[in-house]
1. Plugging the Kirkwood radius over Cα pairs into Stokes-Einstein for the chain, at a temperature of 10 °C and a viscosity of 1.306 mPa s, what D comes out in µm²/s?
2. Once ligands and nucleic acids are excluded and a 1.4 Å probe is used, how much of ASP35 is accessible, expressed in Å² to the nearest 10?
3. Enumerate the calculated ³J(HN,Hα) couplings along region 14-23 in order (Karplus 6.51 cos²θ - 1.76 cosθ + 1.60, θ = phi - 60°), each rounded to whole Hz, writing x wherever the residue is Gly or Pro.
4. Restricting attention to region 35-91, which trypsin sites (Lys or Arg not before Pro) occupy a DSSP loop and are surrounded by at most 13 other Cβ atoms within 10 Å?
5. Each residue of region 49-66 in order: what ³J(HN,Hα) in whole Hz does its phi give by Karplus 6.51 cos²θ - 1.76 cosθ + 1.60, θ = phi - 60°, with x for Gly and Pro?
6. Residue-wise, which Karplus ³J(HN,Hα) couplings in Hz belong to region 78-91, taking 6.51 cos²θ - 1.76 cosθ + 1.60, θ = phi - 60°, and x for glycine or proline?
7. Suppose a student asked you for the relative contact order of the chain, using Cα pairs under 8 Å spaced at least 6 residues apart; what percent would you report?
8. Would you mind checking the pairs LYS8/LYS32; LYS10/LYS55; LYS32/LYS54; LYS8/LYS89 and listing those with alpha carbons more than 26 angstrom apart?
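The values are calculated or read from the model by the stated rules, or taken from the named source; none is laboratory data. Because the structure is a prediction, the values reported are computed rather than measured. Heads up, the Cβs are rebuilt from the backbone with ideal geometry, glycines too, and the neighbour counts pull from every protein chain shown. Only protein heavy atoms, including side chains, enter the accessible area calculation; ligands, DNA and RNA are left aside. Shrake-Rupley method; radii C 1.70, N 1.55, O 1.52, S 1.80 Å.
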Amino acid sequence: MSNSIVIKHKDIISRLNRVSGHLLKVINMLEKERDCAEVAQQLQAVEKALNGAKKSLIHEHIDICLENALEKNTISAKSILHEFREISKYL
């Protein structure tokens with residue numbers, strides 16, 4: 001695994017840890033029967049943060065992994081295109 005991938009993964013892990021903490025706070029809000037609108041607002045924030053982490057992971061894969069495979073000619077262009085289509089479904 002290249003150094004740039006490890007650095008990016010650390011960033012994504014950090015984001016997910018923040019999301020995890022935020023989600024625990026939302027669960028606590030529900031347990032304390034807080035206002036539903038407040039809980040929904042916080043869930044929206046959790047969802048947005050989680051989507052951001054997912055997009056970072058996908059962009060990282062495209063920018064680093066697929067680009068490296070293309071430059072180094074380690075897999076066929078057809079395989080790279082297939083992999084791109086597969087991962088871009090999650091955007």
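1. On the way: Rh = 15.2 Å.
The calculation lands on 105 µm²/s.
2. 80
3. So the Karplus estimates, Gly and Pro as x, are 4, 4, 5, 5, 5, 4, 4, x, 5, 5 Hz.
4. Hits after loop and neighbour filter: LYS89.
5. 5, 5, 4, x, 5, 5, 5, 4, 4, 5, 4, 4, 4, 5, 5, 9, 5, 5
6. 3J(HN,Hα) across region 78-91, in whole Hz: 5, 5, 5, 4, 4, 5, 4, 4, 4, 6, 6, 4, 8, 6.
7. 32
8. Result: LYS8/LYS32; LYS32/LYS54 exceed 26 Å.
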